[in-house]
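Nothing in this text is a laboratory measurement; each read-out follows from the coordinates by a stated rule. Please read these numbers as outputs of a predicted model, since none were measured by experiment. A quick note on method: Cβ atoms are made from the backbone with ideal geometry, for glycine too, and the neighbour counts reach across all protein chains shown.
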Amino acid sequence: MTLTIRKMVVLGLIGSILLLGNILFVANWLSEKGVVDWARYIRAEHLTGTAVTIIIVLLILLVSPKAGARGLVRRCPVCDHVLVGRGGYCSECGSRV
Ligand SMILES: [Zn+2]
């Protein structure tokens, strides 16, 4: 964690506390600007149960292949030797994995 990130975290914390202190004011302001109605419309029209399910399934499907490639057991693309661990080279033929 660098100093810049720490400063950002502290500033974000102060900002969120100020926002929480004025949450009624913020809610009223958002309601006046029409953001609440717009969000309600989006939720009712586009975020149905089916859409949320599809989004979650897509997220799971998109994450899975990466996790598989990072698995502990891989095979060498040259000699098909089973590789265990995170080594960058095949122990059998020495080619880069
Ligand atoms: Zn190999």
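Mean-square fluctuations from a GNM of the chain, with a 10 angstrom spring cutoff on Cα atoms, peak among LEU59, LEU20, LEU47 at LEU20.
Taking amide H atoms as placed 1.01 Å from N in the peptide plane, the amide H of LEU83 lies under 5 Å from those of ARG74, ARG75, CYS76, each 5 or more residues away in sequence or on another chain. Could you please report the charge total around VAL78, scoring K, R as +1 and D, E as -1 over all other residues with beta-carbon less than 15 angstrom from its beta-carbon? My count for the surroundings of VAL78 gives +1.
GNM on the chain, alpha-carbon springs under 10 angstrom: the most fluctuating residue among LEU30, LEU83, LEU58 is LEU83. Length available on full extension from LEU13 to LEU62: 0.36 nm per residue minus the Cα-Cα distance, which gives 14.4 nm. Given +1 at the Cβ of Lys and Arg, -1 at the Cβ of Asp and Glu and no other charges, the dipole of region 3-70 around its Cα centre is 400 debye to the nearest 20. Placing unit charges on each Cβ (+1 for Lys and Arg, -1 for Asp and Glu) gives the chain a dipole about its Cα centre, and among GLY12, VAL82, LEU58 the Cα reaching farthest toward its positive end belongs to VAL82. Taking only Cα atoms and a 10 Å spring cutoff, compute GNM fluctuations for the chain and point out the largest among VAL78, VAL35, VAL57. Checking each option, the largest mean-square fluctuation is seen for VAL78.
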